[in-house]
Amino acid sequence: MSKEYELISTSDNPFNPHTQWDDWYAWDLPRYASLALLGRVIATSSDLPRSLQHDDYADALATIISENVSGKHIAVTGSAPEPEDDTP
């Protein structure tokens, strides 16, 4: 079973973070460092259940998209298998 979820990206990045991670990351890092931005905005803990960590990620992504200081950040939807349990 798969679940749809969103990853951070920018409108000018030609690579899909769901399917072309290495290329996406190599392109993004010197220009925007989107994962570093996400790390500064997210408030979560590895001690929390995975479902709460996902909620915290979604909240941080929504904040970045709504504030959109760069004018370029977007959310890219894709799918991945769901974890088997809710352990951190």
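Applying the set (1) loosely packed, with under 14 Cβ neighbours inside 10 Å; (2) β-branched (Val, Ile, Thr); (3) under 11 Å from the mean Cα position of the chain (by Cα) to Ile64 leaves exactly one unmet item: (1). Within segment 30-47, being surrounded by 14 or more Cβ atoms within 10 Å (Cβ to Cβ) and at pLDDT below 95 holds for one residue alone: Thr44. Scanning segment 25-51 for residues that are out of contact with any Asp or Glu (no Cβ under 9 Å at 6 or more places or on another chain), over 20 Å from Val69 (Cβ atoms) and outside any loop (DSSP other than H, G, I, E, B) returns Tyr25, Ala26.
The values are calculated or read from the model by the stated rules, or taken from the named source; none is laboratory data. Owing to the predicted nature of the structure, the values given are computational and were not obtained by experimental measurement. Because the Cβ atoms are built from the backbone with ideal geometry, glycine has one as well, and the counts that use them run over all protein chains shown.
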